[in-house]
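These notes concern the structure reproduced below.
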Amino acid sequence: MAARECAAALSSPVPCLFVLRQSKPITKHIDTWPDDALSRLQDCFSSTEWSIFENQDLSDYTRAVLSYISYCAGNVTVRKRTRVFPNQKPWMTGEVRLLIRERNATFRSGDREKYSTARGNLKRGIKAAKESY
């Protein structure tokens, strides 16, 4: 059907353009480790009575210990919600977005010298983000 529509549109002076399907942003939950998470995790493990996990069956023992470790890690981490857009590059971080906003603000201010330094900072920030990715 689209081919017939495009063929009919070839005779008109307007080019044949179809609407592309847009994807909605995906919401992801990310667990982050705050600065004091390591000490809180060590406190959780030091106050644990490990003898209650003992079991003759190795798979049951492993499952119990791993679920307890996951429980302790879940208590010390902070869950954040982020939106990921379909065209977003994986190396695009909050720092890079902040540098882009600074560059755009200096462009609107009209100060060429500040704009030049902001562009340089953005280039260095993007390069560092790509290297760390």
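The values are calculated or read from the model by the stated rules, or taken from the named source; none is laboratory data. Nothing here was measured: the structure is a model prediction, and the numbers come from that model. As a convention, Cβ positions derive from the backbone with ideal geometry for all residues, glycine included, and neighbour counts pool all protein chains shown.
Worth a mention:
- Filtered by the rule that a residue be within 20 Å of the chain's Cα centre (by Cα) and modelled with pLDDT of 90 or more, the stretch 93-122 gives 95, 96, 97, 98, 99, 100, 101, 122.
- A Cβ distance below 9 Å, combined with a sequence gap of six or more or placement on separate chains, defines the contacts here; from the stretch 108-133, residues that are not assigned by TED's automatic domain parsing to the domain that holds residue 93 reach no residue that is polar (S, T, N, Q).
- Residues in the stretch 71-107 that are of a type in the set (Ser, Thr, Tyr) and either in the same structural domain as residue 38 (by TED's automatic domain parsing) or touching a residue at least 40 places away in the same chain (Cβ under 8 Å) (or both): 71, 77, 82.
A quick yes/no check of all residues on (1) within 30 Å of residue 22 (Cα to Cα); (2) of a type in the set (Gly, Ala, Ser); (3) surrounded by fewer than 14 Cβ atoms within 10 Å (Cβ to Cβ):
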{"residue": "61", "(1), (2), (3)": "no, no, yes"}
{"residue": "99", "(1), (2), (3)": "yes, no, no"}
{"residue": "111", "(1), (2), (3)": "no, no, yes"}
{"residue": "120", "(1), (2), (3)": "no, yes, yes"}
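- Where residue 131 falls short, out of the listed (1) surrounded by 13 or more Cβ atoms within 10 Å (Cβ to Cβ); (2) part of a helix (DSSP H, G or I): (1)
- Residue, surrounded by the fewest Cβ atoms within 10 Å (Cβ to Cβ), within the stretch 77-91, restricted to residues that are within 30 Å of residue 21 (Cα to Cα) and at pLDDT 90 or above: 81
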